[in-house]
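The next block holds one structure in the form of C-alpha cells; read it before the comments.
The values are calculated or read from the model by the stated rules, or taken from the named source; none is laboratory data. Fair warning: this is a prediction, and the values are worked out from it, not measured in the lab. Cβ placement follows ideal geometry from the backbone for every residue including glycine, while neighbour counts extend to all protein chains displayed.
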Amino acid sequence: MPNKLLSKIPAINKILLLDRIKELINSYSEVAVKSAIKSYIENIKNKILNEELYEVPSLEKIVDEVEKIVEKEDENSLRRVINATGTILHTNLGRSLLSQKIKGNIESIAFNYSNLEFDIDNKKRGSRYVHLIDIIKKITGAEDVLVVNNNAAAVLLTLNTLVKDKEIVVSRGELVEIGGAFRIPEIIKLSGGIPIEVGTTNKTHLKDYENSINENTGALLKVHTSNYKILGFTKEVSNEEIAYLARENELVSINDLGSGQLVDFSKYGLPYEPTVKEVLDSGIDIVTFSGDKLLGGPQAGIIVGKKEYIDKMKKNQLTRALRVDKMTLAALEATLKLYLDEKVALEHIPTLHMISLSKERLFGKADVLKTKLSDLDFMITIEEDKAEVGGGSYPASSLESVVVKLEHKNLSSTEIERRLLEVEIPIITRIKDNSIILDMRTLRTREFDLVKNSLEKITK
C-alpha cells in the first residue's frame, strides 16, 4: 500500500510547471520554491511510510502548502515583538530600546561612508575609539574611555591587561553569575588572573582585603551585585575604602558596575544605586558597565577611568577581537548626547522614560487603551500592579504600575496568550487571575492600534 501511494506523488519537475508555482518563483526565487517543494514532498513520503497518511494530497493542496512554507521561510528569524509584560529591560526581548531621536544618526552612518578611522583634521588614519571619548568624559568625569562589545568583555580586557598572572582580590558575596551561566571567577581565570576570595557570603570587612594582600596581588575588584540582593546581617566595603587601600598598596582598584547608570533613579521610586560618576569620584581607578541596560543604548561594554591604564588596554591584542562596529559607536554617541540634558534623556530614552513614568501618566495611558478596546468582546478593567526594571537590575525592587486586564467571554487567557504569539507582530503578555495583563510601563501608546487589531483578529 505505501509503495503504491509513493508512486502517485507528483514529480517535482511537474509541480514546477504549474502557473501558481511560476508566480511564486517570480515573487521569491527558484531556489526557495524548489527547496519548499522538496521539503513538503519529503514530508508526504515520510507520513506515507509511517502509515500516518493514506492519500496523496491534490496538486492544489501541495501548492497551498508549498506557498505557506515559502512565506514562512522568507520571514526573518529576528523579528519585532510588542512587550506588554511590565519588565522594562527584558533580556529575552532585546533589553533597551534605542531612542527615536538617534535614528537619523544611525542611518547617516550605516548607509554612507564615515570617518570611522580617519582623522579629517590631520588627513591620516585615526582611531574608532576617539568618537566617544569627549562625550563620556564630559558625563562621567573620567580621564579616558574605551568601548568594547559588552560588559563581560570589558571586565575580561581590563583584567587581562592590568593584572594577568596576578591575584585579584574579590569578596565572596560578589562572585556573581550573570546571564547564560557566565561567572565572575571564570572570567577572572580566563583573563589570566588568579581569583582570591575574601570574607563570607554576607559579610566582608576591609581587614579581609588587607590580610589577603601580598607581593603577587595585582588588583582589588569590587563587583556590583545588580542581579541579586543579600539582606539582613550584611556588611560590604565601600568604594572609597577599596580605592584608598589599593592606592596605599600600589594596586589597581576596579569596579564592575554591571548595569551602570548615569541617572539617580531614587527620584523615581527605586532604591539608591551609585552612578558611574559617583563611583569614579570615590577614587576607583577603572569602572566597567553596560551600554544596553540602564544607560539605554546599544549593547556595549564601557570602560572608564585612569588614562594610564586605558592606554595599556588599547594596545592589548584582545581589543581588536572585542571591538565594536560603526553602528554601535553611532548609536552610543547619539544616546550619550541626550544625557547632556537630563530632562531630554528621561523623555527620549525609552528605558529612562519607562522607569520615570508617573502613576498619573500610566492611568492616563490605561484609560486611552480601555476606550480603544471597548468595542471588543472583552471584560476590561484597570488596576494597579507592579512592574520590574529587569535585565539583572534592581532585583529586589519593583515599580508601581498600572495594567489593563482583559477577560474574554469565550476564550481562556492561555488561549488568548497563545494566539497573540502567532500574530504578525507577536504580543508578549502575562497572565494573572485568569486574565491577560497589558502593563502600561512597557506597552507604548503607538502600539495600542496594533494590539487592538491583533485582539480583534484572534477573537473573530
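One table, with the values for the structure above:
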read-out: Counted residues, region 242-261 - those being hydrophobic (A, V, I, L, M, F, W, C) and closer than 17 Å to Thr225 by Cα; value: 3
read-out: Checking Asn202 against (1) over 22 Å from the mean Cα position of the chain (by Cα); (2) closer than 16 Å to His224 by Cβ, the condition it does not meet; value: (2)
read-out: Selected residue (only one of Leu24, Leu98 is surrounded by 12 or more Cβ atoms within 10 Å (Cβ to Cβ) and either modelled with pLDDT under 95 or of a type in the set (S, T, N, Q) (or both)); value: Leu24
read-out: Helices (runs of 4 or more DSSP H) within region 268-321 that include 2 or more residues surrounded by fewer than 19 Cβ atoms within 10 Å (Cβ to Cβ) and among the hydrophobic types (A, V, I, L, M, F, W, C); value: 318-321
read-out: Residues of region 116-130 classified as over 28 Å from the mean Cα position of the chain (by Cα) and either surrounded by 12 or more Cβ atoms within 10 Å (Cβ to Cβ) or touching a residue at least 40 places away in the same chain (Cβ under 8 Å) (or both), total; value: 3
read-out: Failed condition for Ile437, given (1) closer than 29 Å to Ile349 by Cα; (2) β-branched (Val, Ile, Thr); (3) out of contact with any helix residue (DSSP H, G or I) (no Cβ under 6 Å at 6 or more places or on another chain); (4) modelled with pLDDT under 95; value: (4)
read-out: Only one of Gly104, Gly86, Gly141 that is surrounded by fewer than 20 Cβ atoms within 10 Å (Cβ to Cβ) and touching an Asp or Glu at 6+ places or on another chain (Cβ under 9 Å); value: Gly141
read-out: Hey, Leu338 of a type in the set (A, V, I, L, M) and modelled with pLDDT of 95 or more or not; value: yes
read-out: Failed condition for Glu383, given (1) at negative phi; (2) in contact (Cβ under 8 Å) with a residue 24 or more places away in the chain; value: (2)
